[in-house]
Each structure stands twice: as structure tokens, then as C-alpha cells.
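Before any comments, here is the structure.
Please treat every number below as a calculation from the coordinates, not as lab data. What you see is a predicted model, and the numbers here were worked out from it, not measured in a lab. For neighbour counting, all protein chains shown are included, and Cβ atoms are generated from backbone atoms with ideal geometry for every residue, glycine included.
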Amino acid sequence: MKRPRLLPLLVAAGVVAAALGGSFLKQRVRRETWAAARALPESAATRPALMQTASALASSVRTDSETQTPPGDALEGMFAARKLIRTASVTLEVTRYAEAAARVEAIASAHGGYVADAAVARDPGDRDRGTLTLRVRADRFDQALRALEALGKVESANLETRDVGKEYMDLETRLSAKQDAEARLRELLRTKTARLSDVIAAEKELSRVIEERELLEGERRYYDRQVALSTITAEIHEPRAFLRESALSPLTEAFARALPLLSSSVATLVYAFAAVLPWALLALLVWRLVRRLRIRRLVRVAMER
């Protein structure tokens, strides 16, 4: 008869006992925790303190959320930091050139700018026309352009925007490097002692760095001016006449245009005559000399006979 194996039975009994002991322990912990919670006194001062702490935490959370920069403001700041050079050109037909030119100057002054260049002429049809170049503040560019377009009939318009942010950033980087190099060289010349040749070489290098730094600063000022002030070129002319002043106007205009051609032809003939005259005189002199010699020879032959 085989004996039963006791090891599996003992392992099973140990597992059951551990499970029962764990459940009893959990129940005991729960009972003690509940009793301690019931035994804790609910004072009148405890609740307000807790409420104050909670409200303080809530207010701090609200403050942090309010002080955070909204994404829209960040985008606006990014667009405002761009370096844009804006230019425009517009061609207008106006009733009177003088009045329109005066209004163009007033528009430039009203938008924080000035008239940088102006040129006026009168065409064969007795019409005044001219070109005015305006420099206005960049933030008033659109308003100034609309005001110009309202002066008359717009025949053509062109708008161009150039982003120089990358060039400006590269310029700032190079300028900062030159400024650092200049500061190091000045500090080196002030504190270090070296041979005269080394000092002269350092001073030459410092002069070169200062010159390059000043060039970069001038280029940066140019970019700043171009970004701060936009350019608008306005071409203004009076309307074309539909009727001729007289029936002879085409003929007089043709004669007026033909006179320069006639004078040019006469001038060409004068140049040609002046160029040929010396050679013609020389040829005439040679011919007369040859003719005289032939006559003498014929006379000598006749006398010998």
C-alpha cells in the first residue's frame, strides 16, 4: 500500500492560511482607520483653514493661467518683428496736375513722410505729367496708398514686399562678432605688454575691425530706414485731348519734327565738304602742274622740228 504524499497538501494549506490572514489584516486596518477618522474632532477653525488653502491654490492657478501669453499675442509679436521693405507704384490720370501734386505732398506729410523726389514735364499735347516718389511710415503704408488712388483714375498699380529678416539677422550676427573682437583687442592693448611690432600689428587689426564694424552699422541703419519708411512712386498725368487744336496741327508737328532731320543732313554735308576740300585742292594743283609740264614738252618738240 502506497503512502500519500504530504508535500502538496502542506503547500496548499499554507496558501489558504496566507489568504485568510491577509483578508483579516485588511479588515482590521479598515476598522482602525474608520475609528481614527470618527475620533478626530471637527473644530470650527479647521474647515476655514482648509477652505483658505484651497482658495489660495485656486487663485494661484488662475493667476498663472491669466499671465500666460496667448498664442495670438505671440503670433502678433512674431509678425511685428519681421523686417519688411514695402514698395508700390501707381499711375493716375488727374484733371489738373498742379492740384494733384499738392495733394500728394499733403498725403505724404499726413502719413509721417515726405516727397523724396519729383520730376515734371509737358508733352507735345500740352499736358503736364510728372513722377513723385513718396516716403511714408511703414505702418501707414496702406492708408497712404489708398489716399493716392483716390486722387484720380487708377491706370495701373504695383505692390512689392521684400522680407529682409534673414539678411538683417546675419548682419546682426556679424556686427556682434566685430564688436566682440574690437572689445577683446582694446582689452589686449590696454592690459598686455608686448613688443613694439606686436603692438603695431594689434593696432592695425583693431583699425580694420573698427572699419568693418562701422560699415556693418551703416548697412544696418540703411535696413532700418528702408523698413521704417516705405516707398510709393506716383506717376500723374492729365487726360489726353480727344480733339486737335486745328487741322494744321499734324502738319506743323511734322515740320517741327523734320527740322532737326534737315539740320542734321546739312551738318553732314558740311562735314563731308570740309573733309573733301583739302584733297580736292591738292588734286587740282597736281593736275595743273602735270598739264603745264605736258605743254612745255610739246612746245620743245615742236621747236626741235
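Listing for the model above:
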{"item": "Three semi-axes of the equivalent ellipsoid, the stretch 160-302, Cα gyration tensor, whole Å, largest first", "result": "77, 43, 9"}
{"item": "Principal semi-axes in Å for the stretch 166-225 [√(5λ), Cα gyration tensor, largest first]", "result": "28, 10, 7"}
{"item": "Cβ crowding within 10 Å averaged over residues, with 98-107, 113-122, 275-284 ranked highest first", "result": "98-107, 113-122, 275-284"}
{"item": "For the stretch 261-280 versus the stretch 136-175, the gap between their alpha-carbon centres in whole angstrom", "result": "56 Å"}
{"item": "Ranked list, fewest to most other Cβ atoms within 10 Å of each Cβ, for THR193, THR87, THR231", "result": "THR193, THR87, THR231"}
